[in-house]
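Inspection log for the structure reproduced underneath, given as structure tokens.
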Amino acid sequence: MPGIRVKNGPNQGQTCAIGDGRLSIGRDDGCTLPLLDKGASRMHAELFRIGDMCFIRDLDSKNGTFVNDVMVGEEMLRDGDRIQIGGTIFIFEAQTGAKPGDGLVFSEDDLENLHALSLEDLTSANVGLGDVSSEQHLRALYRLSHLAAGEDTEDSLIKKTLAFTAEALKTDGAYLFGRNQLDGSIVALGQHIPDGARAGGQLSRTIIRKVLQEKRALLITDAMRDDRFSANESVMRHHIHAVICAPVRLHDGIECALYLAGNDPAISFNEQELELAAAMAGQIGLSLANISARLLRREHLFSAVSMLLRVADVGRPGIQAVNERLAGYARSIGAAMRLGAEFLERLQLAALLHNYADMVEPDDGAPVEKRVDLTAKLLAQEAFLPKISDIVGNQLERFDGSGPKGLRGEEIPLDARIFHVALGLETERGASAEPEKLAEAVKTVSGALSGKYDREVIKAMLEAESSGILALTLAEQWRKRRSSRLSSLLNAE
């Protein structure tokens, strides 16, 4: 069973398995793994499993959660990953429990001639492959995986990985192609042309189709003399020069192709560069598949929440429309603040479920503050949900400290401050669909002089209004985010 091992500090040597439930880490005694670490938040992070994959999610901690020295919101873990929470270091182990003596024989070896490659070496900016070596291959692949891990949309991942691949292999262009599932046509999903690249080169559908059909990487050092292509094919007719093309495998048999062009006669790819390109294509495919899986999980979660709202709407007409408007406001403001996908997901869910107690518990006439506390407690018990109880539980807090709990300024979680502004917009606008009514609501909320709202959040609200996303419904925002060219290609019907 996978788990984590504490490498330093008072908890050194302690191990925790990651089972079907969530493994929480923090200073709170209620955590699965409580830490004696002042740098950790009370509820700092959680680990959970989806099938055979393990993930870590930061719970809006003060000092952040790091995986391999990179701050993360949510990250899939791989065997040997180094996790840092406060000053405490953990090692993720895909399988725990194997010890010396369990049928294994170990030797003590002379390490005099050992060649070490540090993570600092791997992240070095020097990725040029003029003098190709295994070490440079490893460095380039590590940097590519590191780069891909930071992306949460298909389009942004394609853009950045193509730029990196073109730089690493010194090409005149890097492209990603897919095959339309309806008609079999070749579709361009992304491209990167480096500055100063030789222009005028044409691309070969023949090569792309051959790679997609045979599912193997091809190296063409001088296509004009390559016996694999007949004289009437596009390779010959368009004077294609040097090409590397490698399959990018996603899932369910879906294939794309990474195409690297060398238009300059001075460019001549070799077999080592073919191997590197094929490995890069594999990494890009894994990263795209991970993003696709995350998006699918989100869609399933939001479908379940939408069903709950529809059921609740039967007993309390209008609750679904109100909650979806709130979620739209909150998400658009968060997007204007350039917050990550996981943050926006939690914010959206909190808005949709901010009155969850009213959906599942009879209204006993208790004060609003009591109902909010009950909702937060109920949501904290739902293991299938991300951590949103803090957002919901602090939705009534005001920036000036005049809320029911007396929290002030940045003592209030940022997502709760955003949601409080969304509540203000809903109060002022109501169910009106008129654009003028939204503009009036924005003006009223932004002009509030009582200090109840965070001014940085107000600035983001004004930016969201100016760009037009504040007026979009939640469904429109979701469709806009999900409609990448890759998704359209793969989901063709």
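Looking only at residues that are touching a residue at least 60 places away in the same chain (Cβ under 8 Å) and within 15 Å of Phe92 (Cα to Cα) in segment 12-21, which one is farthest from the chain's Cα centre (by Cα)?
Keep residues of segment 12-21 that are touching a residue at least 60 places away in the same chain (Cβ under 8 Å), which gives 15, 17, 21.
Restricting the remaining residues to those that are within 15 Å of Phe92 (Cα to Cα) gives 15, 17.
On the way: Thr15: 28, Ala17: 25 Å.
Out of the qualifying residues, it is Thr15.
For Asp415, are the conditions met, namely being open to solvent by 40 Å² or more (accessible area, probe 1.4 Å) and at pLDDT 90 or above?
In short, no.
Take the residues in segment 324-354 that are at pLDDT below 90 and assigned to a loop (DSSP other than H, G, I, E, B), then tell me which one is farthest from Leu385 (Cα to Cα).
Arg338
When segment 141-170 is examined, which residues are found to be aliphatic (A, V, I, L, M) and buried (at least 23 other Cβ atoms within 10 Å of the Cβ)?
Answer for segment 141-170, where residues must be aliphatic (A, V, I, L, M) and buried (at least 23 other Cβ atoms within 10 Å of the Cβ): Leu157, Ile158, Leu162, Ala168, Leu169.
What's the number of the only condition in (1) open to solvent by 30 Å² or more (accessible area, probe 1.4 Å); (2) in contact (Cβ under 8 Å) with a residue 24 or more places away in the chain; (3) among the hydroxyl-bearing types (Ser, Thr, Tyr) that Ser303 fails to meet?
Among (1) open to solvent by 30 Å² or more (accessible area, probe 1.4 Å); (2) in contact (Cβ under 8 Å) with a residue 24 or more places away in the chain; (3) among the hydroxyl-bearing types (Ser, Thr, Tyr), Ser303 violates only (2).
If a residue has to be more than 16 Å from Arg5 (Cα to Cα), in a strand (DSSP E or B) and of a type outside the set (Asp, Glu) to count, how many in segment 24-64 make the cut?
4
Can you report the number of residues in segment 280-291 which are more than 15 Å from Ala174 (Cα to Cα) and among the hydrophobic types (A, V, I, L, M, F, W, C)?
4
Identify, please: which residue in segment 381-398 is at pLDDT below 85 and among the hydrophobic types (A, V, I, L, M, F, W, C) and is, among those, least open to solvent (accessible area, probe 1.4 Å)?
Taking the candidates together, the pick is Leu385.
Sort through Thr375, Thr427 and tell me the only one that's in a helix (DSSP H, G or I), open to solvent by less than 40 Å² (accessible area, probe 1.4 Å) and either more than 26 Å from Cys31 (Cβ to Cβ) or among the hydroxyl-bearing types (Ser, Thr, Tyr) (or both).
On inspection, the qualifying residue turns out to be Thr375.
Would segment 171-186 turn up any residue that is free of Cβ contacts under 8 Å to residues at least 60 places away in the same chain, surrounded by fewer than 23 Cβ atoms within 10 Å (Cβ to Cβ) and either in contact with a Ser or Thr (Cβ under 6 Å, 6 or more places away or on another chain) or closer than 26 Å to Ser268 by Cβ (or both)?
Checked segment 171-186: at least one residue is free of Cβ contacts under 8 Å to residues at least 60 places away in the same chain, surrounded by fewer than 23 Cβ atoms within 10 Å (Cβ to Cβ) and either in contact with a Ser or Thr (Cβ under 6 Å, 6 or more places away or on another chain) or closer than 26 Å to Ser268 by Cβ (or both).
Here is a yes/no grid of residues against (1) in contact with a Cys (Cβ under 6 Å, 6 or more places away or on another chain); (2) crowded, with 16+ Cβ neighbours inside 10 Å; (3) at pLDDT 70 or above:
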| residue | (1), (2), (3) |
| --- | --- |
| Ser41 | no, yes, yes |
| Cys54 | no, yes, yes |
| Asp58 | no, yes, yes |
| Gly73 | no, yes, yes |
| Phe90 | no, yes, yes |
| Gln95 | no, no, yes |
| Leu111 | no, no, no |
| Leu122 | no, yes, no |
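The values are calculated or read from the model by the stated rules, or taken from the named source; none is laboratory data. Quantities reported herein were computed from a predicted structural model and do not represent experimental measurements. Please note: Cβ atoms are built from the backbone with ideal geometry, for glycine as well, and neighbour counts cover all protein chains shown. Ligands, DNA and RNA are excluded from the accessible area calculation, which covers all protein heavy atoms including side chains. Shrake-Rupley method; radii C 1.70, N 1.55, O 1.52, S 1.80 Å.
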